[in-house]
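Since the structure comes first, as structure tokens, the remarks are kept for the end.
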Amino acid sequence: MKNASSSRRRYLSIWLRRLATDRMTRASSPAPADNAPLAPLAPLAPLAPLAPLAPLIIAGPVGSALRLTAVNDAAARLGLKPGMALADARAMHPAIAVTAADAPADRRALEAVAEWCDRYTPLVGLDPPDGLVLDVTGCAHLFGGEAALCQDIVRRLLKQGFRARLAVADTVGCAWAVARYGTAAVVVSHETREALTILPVAALRIDPDLAAALAQTGLKRIADVIDRPRAPLAARFGEHFVRRIDQALGRQDEPIAPRLPVPPYVVERRFAEPIALEADVLGTIEHLAHELDRLLQRRGEGARRLQAALFRADGKVHRITVGTGAPERQAARIRALFSERLAAIGDECDPGFGYDVVRLCALATERCDPLQTGLDAADHAAELTHLVDRLGARFGLRRVTRPVLQHTHIPEFAVAAAPAHALSCPRHGVMHPAQDTLAPARPVRLFERPEPVEAIAEVPDGPPVRFRWRRVLHEVARAEGPERIAMEWWRDARGRAFTRDYFRVESRDGARVWLYREGLFGSETDEPRWFLHGVFS
């Protein structure tokens, strides 16, 4: 998405000048004719054609008084403005509609717009309380140029109920200043100084009190301070003021902080007419996976974590993420993973009015060198890894586990469940832990906690002749053992570490179980206890 020929970065500032009141108007507006759902399921769902707005003001506590925090255009034409006392506003217009301020809701609305703007560039930063900053370097040509890009954003936002002003410039500070105080939407490269000099000093993103103090000294426009010596300005008005001047002019770097990490590999497809069928979405993902494969092959890498971003025509964005147990770049397998994930998500991924942009990203990659495979035999390890990936895509990677041997001889701690995808090694399938083939047989089903039983033995250290488990009495037909296991003293919080004598027991009814006696008779305890720890069949 980046143009290598661009020698200078370009930033786009979006000012949602009536964010709070637009949010309230959207929340109270009726649904369109087709009864499409509004927020919260679709934070940017399209509204009906905008009608003339009634005056609306939003008030909240500021200090010890209620003051206006936002007004819509109709209220502004009546002479109302943010910062005015609510009592004064009601005295001027007693019948005006008043709504309580909700800063968290405004923040969520701003983040929803930022999510929608990701369709233009992955470098989208928040500029609270009512702005966004986009790095559009090398992206504007995809939309017909910077002017066309601005027109497209303004038109789409207006259709969704948000009134916005935009500006593109070489610096974040210049774009911010022109969007709020200027007239031109696009500041031609290398003309940053000329665009700034005609603007008021408040356009430098300084505190209103500082702007008032500058105006009292006769410094009302940026042209009045732009060429003045920096040291006297910093001494009188602070270093922050001087830094803002240098940032706006590009003399000091001001990088944006993208709200989402930029993936190393991105491919996308845009549609003139939105698509809504799952088969079309999966086909597009497979086609994009072929493009992603070519990009990954150049670097000798494979994807370990993939994300498909589905941009709905009404502004809602669905992000679907899948993981792999080994570096993957085969398009058919990538499609299969997303097919499983879509099946698991179900109605949560509602296409609504259709998707007009589908983007496939490789969020994490690993080295993936080609390997020589057999000519007449299937690669069972690779197929097993792919099966684990598909199960993980449907049920969640952490829900697909496999047992891993631990460095302990205590039965209940000897095996731990670990995510199966984490046990895969690159290009070689799932790693199998080494097992001791000389160790005694263990039950097929081992209880997480041993269950107490009542048992009777012919001799104190001998095997049981009968035992009662879950209120059922079992007569012992055969018994093997004991297998003596000394406990690890640090695992017992009460300081007891009794030795266990395990017996493999078969009852006359055919039950084959694993019993143990806790504590050596006489040396460790006078009353050993019996437990059933597992079942062989």
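Side notes on the structure shown:
- Ile345 vs. criteria out of contact with any Asp or Glu (no Cβ under 9 Å at 6 or more places or on another chain), among the β-branched types (Val, Ile, Thr) and modelled with pLDDT of 80 or more: yes
- At least 1 residues being of a type in the set (Ser, Thr, Tyr), modelled with pLDDT under 90 and more than 47 Å from the chain's Cα centre (by Cα) is the threshold, and among the strands (runs of 3 or more DSSP E) wholly inside segment 408-520 not one reaches it.
- Remark: pairs (first residue in segment 345-361, assigned by TED's automatic domain parsing to the domain that holds Glu273; second residue small (Gly, Ala, Ser) and part of a loop (DSSP other than H, G, I, E, B); Cβ separation under 6 Å; 6+ apart in sequence or on different chains) = Pro351/Ala276; Phe353/Ala313; Gly354/Ala276; Gly354/Ala313; Asp356/Ala313.
- Of Arg504, Arg471, all but one fail to be without any contact (Cβ under 8 Å) to a residue 24 or more places away in the chain and of a type outside the set (A, V, I, L, M, F, W, C); the exception is Arg471.
- Screening the candidates Ala303, Ala289 for the property of being modelled with pLDDT of 95 or more and crowded, with 18+ Cβ neighbours inside 10 Å yields one hit, Ala289.
- Checked against the criterion of being within 20 Å of Arg17 (Cβ to Cβ), outside any strand (DSSP E or B), touching a His at 6+ places or on another chain (Cβ under 9 Å) and not assigned by TED's automatic domain parsing to the domain that holds Ala313, segment 195-205 has no qualifying residue.
- Going through (1) at pLDDT 90 or above; (2) touching a helix residue (DSSP H, G or I) at 6+ places or on another chain (Cβ under 7 Å); (3) not β-branched (Val, Ile, Thr) one by one, Leu397 falls short only on (1).
- Only one of the numbered conditions (1) buried (at least 17 other Cβ atoms within 10 Å of the Cβ); (2) free of Cβ contacts under 8 Å to residues at least 12 places away in the same chain; (3) under 21 Å from Ala114 (Cα atoms) is not met by Ala211, and that is (3).
- Per the conditions (1) touching a residue at least 40 places away in the same chain (Cβ under 8 Å); (2) loosely packed, with under 15 Cβ neighbours inside 10 Å; (3) within 17 Å of Thr171 (Cβ to Cβ); (4) charged (D, E, K, R), the sole criterion not satisfied by Asp253 is (1).
Condition check ((1) of a type in the set (Lys, Arg); (2) farther than 23 Å from Cys139 by Cα; (3) surrounded by 20 or more Cβ atoms within 10 Å (Cβ to Cβ)) across all residues:
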residue: Leu249; (1), (2), (3): no, no, no
residue: Arg259; (1), (2), (3): yes, no, no
residue: Arg270; (1), (2), (3): yes, no, no
residue: Phe311; (1), (2), (3): no, no, yes
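- Entry remark, segment 152-166: residues being in a strand (DSSP E or B) and under 27 Å from the mean Cα position of the chain (by Cα) number 0 in total.
- Here segment 190-208 is the region considered, the condition is being surrounded by 19 or more Cβ atoms within 10 Å (Cβ to Cβ) and not β-branched (Val, Ile, Thr), and the residue that is nearest to Gly238 (Cα to Cα) is Leu204.
The values are calculated or read from the model by the stated rules, or taken from the named source; none is laboratory data. Given the structure is predicted, the values throughout are model-derived calculations rather than measurements. Glycine also receives a Cβ, built like all others from the backbone with ideal geometry; neighbour counts cover every protein chain displayed.
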